[in-house]
Amino acid sequence: MTLTRARIQGNLDKTLRRIHEAAVRAGRSPQSIRLVAVTKSVDMDAVRMLHELGVTDFGENRVGPARHKIEGLAEPVRWHMVGNVQRRKCKDIVALFDSVDSVDRLEVGQALQQRCEQAQKTLAVMLEVNVSGESAKHGVAPGDVRPILDAMRGLPNLVVDGLMTMAPYYDDAERTRPVFAGLRELANQFGLKELSMGMTNDFEVAVEEGATQVRIGTALFV
């Protein structure tokens with residue numbers, strides 16, 4: 001199906017309305033939730049249309065396919081790395097992205113720090129936590145958050161401002177609630193303000209549980 005401007009506009013309006021309604025149900029300000037449009041599956045035309053419709057935060061999970069989108073889109077825009085970070089890609093990631101939301105081990109943070117020093121850049125990062133404990137998921141175990149977070153907070157060119165997680169996929173999104181609640185509790189424990197959680201199938205539950213960023217791809221581009 002062709003992704004026309006009208007179709008993307010309708011998808012965006014519906015998604016923003018669902019975010020708004022979930023925030024209201026939770027007694028939160030809808031303005032406190034940032035939509036990160038995950039554009040890994042669409043071409044530059046779709047990205048540009050979404051940007052023209054007012055979206056300023058975009059997420060990509062691979063450096064190669066992201067490069068021409070990042071270089072081809074005018075400001076204001078904020079690019080989030082939301083995929084698994086390979087240490088050998090850190091130089092390019094630092095050059096291209098404004099935020100790395102998926103740091104899943106200390107070694108990655110250290111590699112980003114080294115590249116940031118060389119580039120004389122400060123980078124926002126989030127620590128990815130495997131709250132569900134699924135073996136297929138990336139992220140640190142909840143019990144390991146404190147030592148890794150303490151170490152990363154000592155890296156001068158990184159600003160650790162939040163936590164990220166991916167919940168298991170369930171047909172019933174309500175089943176993801178404990179995962180999101182668990183990440184919120186960890187963020188509160190360590191004084192972190194940003195919570196990146198919730199995707200197309202479960203973002204309303206994530207908003208109800210405190211998400212400040214939701215990563216939406218499919219719902220915008222169906």
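Worth a mention:
- Our coupling estimate for the range 55-72, obtained by passing each phi through the Karplus curve with A = 6.51, B = -1.76, C = 1.60 and θ = phi - 60°, is 7, 10, 10, 10, x, 9, 10, 9, 5, x, x, 7, 4, 5, 5, 5, 6, x Hz, Gly and Pro reported as x.
- Estimated dipole of the chain in Debye, rounded to 20 [Cβ of Lys and Arg +1, of Asp and Glu -1, Cα centre]: 360 debye
- At an R0 of 22 angstrom, the distance between the Cβ atoms of Gln114 and Thr56 translates into a FRET efficiency of 0.15.
- Positive-end residue, the range 5-221 charge dipole about Cα centroid, Cβ charges, pick of Asn188, Gly139, Ala119: Ala119
- Amide H contacts under 5 Å for Val159, placed H, 5+ residues apart: Leu123, Ala124, Val125
- Interchain or long-range residues, amide H under 5 Å from Asp57's placed H: Ala37, Arg78
- For the peptides 64-73, 211-220, residues were scored by their other Cβ atoms within 10 Å and the scores averaged per peptide; the highest-first order is 211-220, 64-73.
- Extension gain, Val159 to Arg18: 0.36 nm times the residue separation minus the Cα-Cα distance gives 47.7 nm.
- FRET E, pair Asp150, Ser32, Förster distance 25 Å, beta-carbon r, rounded to 0.05: 0.40
- Mean Cβ neighbour count within 10 Å, used as a protection proxy, ranking 29-41, 122-134 highest first: 122-134, 29-41
- Farthest toward the positive end of the dipole of the range 5-221, out of Gly217, Met197, Phe97, is the Cα of Phe97, where the dipole comes from beta carbon charges about the Cα centre.
- Sequence-ordered 3J(HN,Hα) estimates for the range 175-185 from the Karplus curve with 6.51, -1.76 and 1.60 and θ = phi - 60° stand at 5, 7, 4, x, 5, 5, 5, x, 5, 4, 5 Hz, glycine and proline given as x.
- Computed from backbone phi, the HN-Hα couplings of the range 31-46 come to 6, 8, 10, 9, 8, 9, 7, 8, 10, 4, 9, 10, 8, 4, 4, 5 Hz, rounded to whole numbers (Karplus: 6.51 cos²θ - 1.76 cosθ + 1.60, θ = phi - 60°; Gly and Pro given as x).
- Taking amide H positions as modeled 1.01 Å from N, with prolines and chain starts lacking one, the residues under 5 Å from Ser99 and 5 or more places away or on another chain are Trp79, Met81.
All of the numbers you see were taken from the coordinates with simple rules; none came from a lab. Please read all numbers here as calculations on a predicted model, not as lab measurements. We place every Cβ from the backbone using ideal geometry, glycine too, and count neighbours over all the protein chains shown.
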